[in-house]
Amino acid sequence: MPREAYAFWLRSPGAGEIRTVSVPDPGPDEVLVRTLHTGLSRGTETLVFTGRVPTDQYASMRAPFQEGDFPAPVKYGYLNVGVVEAGPDDLVGRTVFCLYPHQSAYVVPVDAVTRVPDGVPASRAVLAGTVETAVNALWDAPPLVGDRVTVIGAGMVGSCVAALLARFPGVDVQLVDVDPGRAGIAAALGVGFAHPQDAATGRDLVVHASASGQGLQRGLDLLAPEGTLLEMSWYGDRPVTVELGGAFHSRRLTVRSSQVGMVSPARRSSRRYADRLALALDLLADPVFDTLITGRSPFAELPRVLDDVSAGRLSALCHVIDYDGE
């Protein structure tokens, strides 16, 4: 018999609500999951919440289990951790990650969930999608031993990239942000910190994740000759202007994009999406990632929380949404 659950829907740009939904019994190759936590993907979900997804990106921006269409009404989200309550015996009772929206319970195919390793707390596991994005970025532009690397933008994505870069031997990592309060994040991750105007120059690789034209330009300015800037920001419908005159050509700089929607060409022949996500979850065994969880709220407050995050009233890296008192 169908059961009742609750889901967050964007009713119209800037206005969200909790709706009652019906969840069916799982079929032979499906699982029923009770949600423990979801995470807010601040950059992308803010753009969705405010109705700023460009019309030509509606198809590519669809989440795997999205319902409705952009700009609204739409049920969106993709950082969900829960417990399997019905399904194959080897999954029942196991904690799993799924690219599912903010909903208290749901049914999906078995292959849509990934087991969370025993050493990874459920609330930390909501970062899996973001760590997966960082893994793909470092497949796109892997540093060499001894490289000088700068990450611009100490948000959720940039901080995950910095956390992984800190593991590379001999690599000098500097996290750059306009907010001096992010210096504590950098220290906890084991990397350096600087304000953009004080950032080190002569960098071999710059990873840009500030979602601002000023940050992108500063990243180009920091590069050594023949250096590479990896662009991870997504700007929605905002135009961005950078200076490609001057020394851009004479210094032979490279700008390339990275996006998690496809496995990096460097590993596409040997890794599947499932392999990449499983690696991200394994990496989350490191408690340093708890540094990136900077706020929590109950599910009932999600409409207000997303409004506050979008308006800049709530500053957070990863804001965790808790279900059923978890």
- On the given criteria, is Arg42 out of contact with any Pro (no Cβ under 8 Å at 6 or more places or on another chain), within 18 Å of Thr130 (Cβ to Cβ) and of a type in the set (Lys, Arg)? yes
- Item | In the range 297-326, the residues that are surrounded by fewer than 16 Cβ atoms within 10 Å (Cβ to Cβ), modelled with pLDDT of 95 or more and not in a helix (DSSP H, G or I) | Pro298
- From the list Val145, Val84, Val113, which residue is at pLDDT 95 or above, out of contact with any helix residue (DSSP H, G or I) (no Cβ under 6 Å at 6 or more places or on another chain) and surrounded by fewer than 18 Cβ atoms within 10 Å (Cβ to Cβ)? Val145
- Residues (buried (at least 21 other Cβ atoms within 10 Å of the Cβ), outside any strand (DSSP E or B) and not polar (S, T, N, Q)) located in the range 1-42: Arg42
- Item | Residue match in the range 152-168 (condition: surrounded by fewer than 21 Cβ atoms within 10 Å (Cβ to Cβ), in a strand (DSSP E or B) and modelled with pLDDT of 95 or more) | no
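Scan Leu253, Leu281 and give me the residue that is in contact with a helix residue (DSSP H, G or I) (Cβ under 7 Å, 6 or more places away or on another chain) and within 20 Å of Val161 (Cα to Cα).
Numbers: Leu253 fails: within 20 Å of Val161 (Cα to Cα).
Result: Leu281 is the single residue among Leu253, Leu281 that is in contact with a helix residue (DSSP H, G or I) (Cβ under 7 Å, 6 or more places away or on another chain) and within 20 Å of Val161 (Cα to Cα).
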- Query: Checking Arg268 against (1) under 22 Å from Ser60 (Cβ atoms); (2) exposed (fewer than 13 other Cβ atoms within 10 Å of the Cβ); (3) at pLDDT below 95, which single condition isn't satisfied?
  - Reply: (3)
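The values are calculated or read from the model by the stated rules, or taken from the named source; none is laboratory data. Just so you know, these numbers come straight off a predicted model, no measurement behind them. Note that we place each Cβ from the backbone using ideal geometry, even for glycine, and neighbour counts take in every protein chain shown.
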